[in-house]
Amino acid sequence: RRERLVIWGGGHLDYDGNELYAFDFDSFSWVQVTQKTPKEERVKSVDVYEDGLPSARHTYDGLQYIPTIDRFFSSGGSVWGSGGCLGGTWLYDFDAVPAESGWQNIEDDKGGCAMTSAYDPISGHVWYTSGGNMYEFDPLNLEAPWTKRMNGNVQSSMYMTTAIDPDRRKLVMLGGTKWGNTAPKTVIYDISNPEAVTGGVVTTSGATEIEDSDAAGFEFDPVSDRFVAWKGGEQVYTLASDTLEWSRMMPAATNLITPSAPNENGTYGRFRYVPSKNLFVVVNDMQQNVFVYKLSGGAGSARPFPSLNLAASNTSVRAGETVALTWSASDADSCVAEGGWVGTKALASNETVGPLSENTSFILTCSSDVGDAVRSVVVTVSSEAPSVSLSATPASIIAGGNTTLNWSSVNSDTCTASGDWSGDKGASGSQTVTPSGDSTYTLTCTGSGGSASTSFEVTVTSASSPIISLSADPSQIVAGASTTLSWSSANVDNCIASGAWNGPKATSGSLTISPDSDSTYVINCTGDVGSASSSLEITVTGANSGVGAWSWWTMGVMLMSLFARFTVNRRRFVPKDVCRARLDIDPG
């Protein structure tokens, strides 16, 4: 699309910079696409530097350009520092501003060192081998882009290079003899049925010396309909898929150029076919010239690859709502919609789709004789917006006490607490808390329809000791009379009477009583932080009580008897004053 050969590398014990470069065929000059991570943020033996960008790595045969989504692809590699095979999968968007923000990390475990890759222009996917397995990468399904196509026994190594014959559906790997490796020299897999890939080592004929190579340049030429390989020197080698015959192509007699020697660690993807020029380009070192090679006649296709933009007015809606799709394509002849919409579309327009009832993917493919550009957008549909309720029982407590929070939500997947509590919570539940002061508890629940939040405040009052008072009016009575008991309390919940009265009592009140003898009244009240009691004695006077009452009655009878005798037989008794002296009474 941009007429550029993209270069990325470093890693292991070599260069630690992670910037992207490109050789521009329009200006015939090098362009630095991105800036490198600052030196102090380049950490050894990691996939991601401290600034969030991918670390430098040996890339082997793990780099591709995916024209359907206009992204640079990298997976696997030997990362800078230790050389460990930690390299994950990354995509880069050349239109990103600022440039460094174009990197996107696709979390996976497919990366390794013994890998090869090739772009398939028919499916728009990348085929990838690593660890003896074969995978297919779908750039339009980045939530789950990888599908394993062969489990084990894939004949590949880190010193092989891969290319695809798109019409015959052949994936071919070449080379891999470094360090005495006995890996096969040419391996072909039939990928016409991705669900049942077959193939393996093949026997070829002709100029098979090219098979004795490591990381050779290897591409498929759609004009000559052959694979083309280069491992150094003036000549190239071609392989016909049908006959499996290698041919050595010597340069024309008029040729004046001999390219520089390949990099000692291999050429890999720095040998590429340029469709718009119908030639091959190779770069062996940043400090050397760039070389181009032309195998067949013809100027190539000057028409650029189709480009396409597709956007939705909203990617998250409620059930029953509609969405406006807007798109524009350039250098394309036709566009076809798939997924949530179908049919032929204009090269540029807009369309309202819906009402929607479920999550829907809208795919648009715009094509020309050069290739296809594919874009998709997923609209998430939620049934209803979430709702959440939160309460506390009790809502007001004494310091040191506790309360129970209760909550529930609907149409939510996750709930998160904030304020005076924290952490992830279930869609419904309860939790006992002991706040030290007035506290606000907030709960936010999120679902496909959005999020909802609510708060509840718990009031905390200072704890006080119970207080109780008890009085009587009057507190001293004559036998047979009555008095009124009165009591009041503070910071209590319940009261119990004992002594001369008993049973539960209100926390305050009054009661009229008529005790017939001296009596003690006791009341005990209990609160949150303890209890208190009070007692009162009621004195009763003039009451008939005990032995004393009997003695006074007896004396009265005796006095009356003496008085009667004295009256009847007065002259028989002693004189009046003597009687007074003895009895201390006036018989009068």
Between the alpha-carbon centers of segment 281-302 and segment 448-522, tell me the distance in whole angstrom.
102 Å
Loop-only GluC sites (Glu not before Pro) in segment 324-394, please: DSSP not H, G, I, E or B, and at most 16 other Cβ atoms within 10 Å.
Glu358, Glu384
Gain upon complete extension [Ile122, Thr198; 0.36 nm per residue less C-alpha separation]
25.5 nm
Normalising by the residue count of segment 254-348, find the relative contact order in percent from Cα pairs under 8 Å and 6+ residues apart.
17 percent
Residue by residue through segment 266-280, which ³J(HN,Hα) values in whole Hz follow from phi under the Karplus form 6.51 cos²θ - 1.76 cosθ + 1.60 (θ = phi - 60°), with glycine and proline marked x?
x, 9, 6, x, 7, 10, 9, 8, 10, x, 5, 10, 6, 8, 10
Which FRET efficiency, nearest 0.05, do Val223 and Gln35 yield, Cβ-Cβ r, R0 35 Å?
0.40
Please give the direction-averaged projected area of the C-alpha convex hull for the chain, in square nanometres with one decimal.
49.7 nm²
Counting only the backbone N, which residues of segment 512-527 are under 12 Å from the spot 7 Å out from the Cα of Thr539 toward its beta-carbon?
518-519
Computed [θ] at 222 nm, helices only, for the chain once each DSSP H run of length n ≥ 4 contributes -39500 (n - 2.57):
-1500 deg cm²/dmol
According to a simple spin-label model (label point 7 Å from Cα along Cα-to-Cβ), what is the distance in nm between Ser498 and Thr322?
8.2 nm
So, over other residues within a Cβ distance under 15 Å of Trp421, counting Lys, Arg +1 and Asp, Glu -1, the net charge is -3
Taking Cα pairs closer than 8 Å and at least 6 residues apart, the relative contact order of segment 400-493 in percent is 22 percent
The summed charge of the Val478 Cβ neighbourhood (under 13 Å; Lys/Arg +1, Asp/Glu -1) stands at -2
DSSP beta bridges in segment 367-521: the antiparallel percent, rounded to 5, is 95 percent
Which order do the peptides 504-510, 121-127, 413-419 come out in when sorted by mean C-beta neighbours inside 10 angstrom, highest first?
121-127, 413-419, 504-510
Work through the residues other than Ala22 whose Cβ is under 13 Å from its Cβ and net out their charges, Lys, Arg +1 and Asp, Glu -1.
+1
Testing the spin-label approximation: label points 7 Å from Cα along Cα→Cβ at Asp438 and Leu142. State their distance in nm.
4.8 nm
For Asp167 paired with Ser469, estimate the spin-label separation in nm (one decimal), with each label point 7 Å from Cα along the Cα-to-Cβ line.
11.1 nm
Would you mind checking Lys148/Lys170; Lys185/Lys277; Lys185/Lys231 for any pair whose Cα atoms are more than 20 angstrom apart?
Lys185/Lys277
Over the chain, relative contact order from alpha-carbon pairs under 8 Å, at least 6 apart, %:
6 percent
Among the aspartates and glutamates, select those whose C-alpha is under 13 Å from the C-alpha of Lys178, and discard any that sit fewer than 8 residues away in the same chain.
Glu211, Asp212, Asp214, Glu264
Starting from the Cα-Cα distance between Asn151 and Val529, subtract it from 0.36 nm times their residue separation and give me the gain in nm to one decimal.
129.0 nm
Rounded FRET efficiency, nearest 0.05, which uses the C-beta distance separating Ile398 from Ser422 and R0 of 30 Å
0.75
Please give the peptides 339-345, 251-257 ranked by average Cβ packing (other Cβ atoms within 10 Å per residue), highest first, as a rough proxy for protection.
339-345, 251-257
Stretched fully, the stretch from Val46 through Leu13 gains (0.36 nm per residue minus C-alpha distance, one decimal, in nm) 10.6 nm
Quick calc, Val292 & Asp190: beta-carbon distance into FRET formula, R0 35 Å, rounding 0.05, result 0.60
Using only Cα atoms, locate the centre of segment 394-434 and the centre of segment 211-258, then give the distance between them in Å, rounded to an integer.
71 Å
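Just so you know, all these numbers are worked out from the coordinates, no wet-lab data involved. Keep in mind it's a predicted model, so treat the numbers as computed, not measured. FYI the Cβ positions are ideal-geometry reconstructions off the backbone, even for glycines, and counts take in every protein chain you see.
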